[in-house]
Amino acid sequence: MLSDDLSWFLELAETEHVGDAAAVLGVPQSTLSRRLGRLEHRIGTTLFDRHGRSLALNSRGQVLRRRIRAAVTQLDLGESEVRRLLDPETGLVRFDFMHSLGTWLAPLVIHRFVRDHPRAEIRLHQGIGTELLERVIADESDVALCSPQPTGEGLAWREVLRQPLALCVPVDHPLAGRTAVRLSEAAGERFISTPTGLNSRDLLEKVARDEGLDITVTYESD
């Protein structure tokens with residue numbers, strides 16, 4: 001379809017007859033004649049020698065035919081390549097995931113997809129959640145495995161699983177052995193967390209805000 005605006009010239013160059021070419025293309029002869037007239041006017045020269053109703057492609061037209069044929073081939077190849085990229089069986093899937101999911105969840109998702117679509121090409125990228133969402137919005141990625149739920153417009157979101165936010169303490173800590181802890185019970189402790197902007201830190205700070213707490217992070221690590 002991308003090459004339709006050029007293919008009419010190739011047909012006319014092949015038949016060297018406006019009526020025959022118009023019949024093949026399914027357009028009125030007058031439309032085809034106007035197309036040829038506009039093209040010759042833009043280029044500034046005739047491309048056919050006229051002999052009554054018949055045409056003979058001249059040397060200038062032969063040069064253009066060769067170039068247009070090459071252009072049509074490239075356009076058709078480009079369209080085919082785009083269609084291949086959109087094919088879930090053989091196309092390209094740009095898959096992003098957060099660092100913290102790269103050691104366990106992302107490999108499981110990738111393995112299952114590759115098993116069902118062995119001919120597909122997968123391009124991987126890992127980063128922090130906000131960066132991944134920006135990449136999806138900018139069409140640099142097709143899907144991102146991230147958290148928490150995005151709020152931006154134009155994004156679809158599906159919950160894959162729920163993962164608890166855990167508190168790690170020394171074995172002799174008073175909270176050790178508990179199956180559930182409110183953050184207020186540990187609010188006076190010094191915390192180890194990820195840098196600001198990473199998902200787990202954002203979640204920790206959100207829980208603290210929701211409970212009206214101030215927490216102290218004394219060590220940050222990716």
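The values are calculated or read from the model by the stated rules, or taken from the named source; none is laboratory data. No experiment lies behind these values; they were computed from the predicted model shown. In this analysis, Cβ positions are derived from the backbone assuming ideal geometry, glycine residues included, and neighbour counts consider all displayed protein chains.
Some observations on this one:
- Pairing residues of segment 184-197 that are in the same structural domain as Pro170 (by TED's automatic domain parsing) and within 12 Å of Ala208 (Cα to Cα) with residues that are of a type in the set (Gly, Ala, Ser) and surrounded by 11 or more Cβ atoms within 10 Å (Cβ to Cβ), at Cβ distances under 8 Å and at least 6 apart in sequence or on separate chains, gives Ala187/Ala208.
- Here is the figure for segment 188-221: residues that are in contact with a strand residue (DSSP E or B) (Cβ under 7 Å, 6 or more places away or on another chain) and assigned to a helix (DSSP H, G or I) total 4.
- Residue count for segment 123-133, restricted to those that are outside any helix (DSSP H, G or I), surrounded by 14 or more Cβ atoms within 10 Å (Cβ to Cβ) and hydrophobic (A, V, I, L, M, F, W, C): 1
- If the condition is being of a type outside the set (Ser, Thr, Tyr), more than 26 Å from the chain's Cα centre (by Cα) and either more than 21 Å from Leu203 (Cα to Cα) or in a helix (DSSP H, G or I) (or both), then segment 134-187 contributes Pro170, Val171, Asp172, His173, Pro174, Ala176, Gly177, Leu183, Glu185, Ala186.
- Restricting attention to segment 102-121 and to residues that are at pLDDT 90 or above and among the hydrophobic types (A, V, I, L, M, F, W, C), the residue that is surrounded by the most Cβ atoms within 10 Å (Cβ to Cβ) turns out to be Ala106.
- All conditions but one from (1) in the same structural domain as Ser100 (by TED's automatic domain parsing); (2) within 22 Å of Thr196 (Cα to Cα) apply to Pro150; the one that does not is (1).
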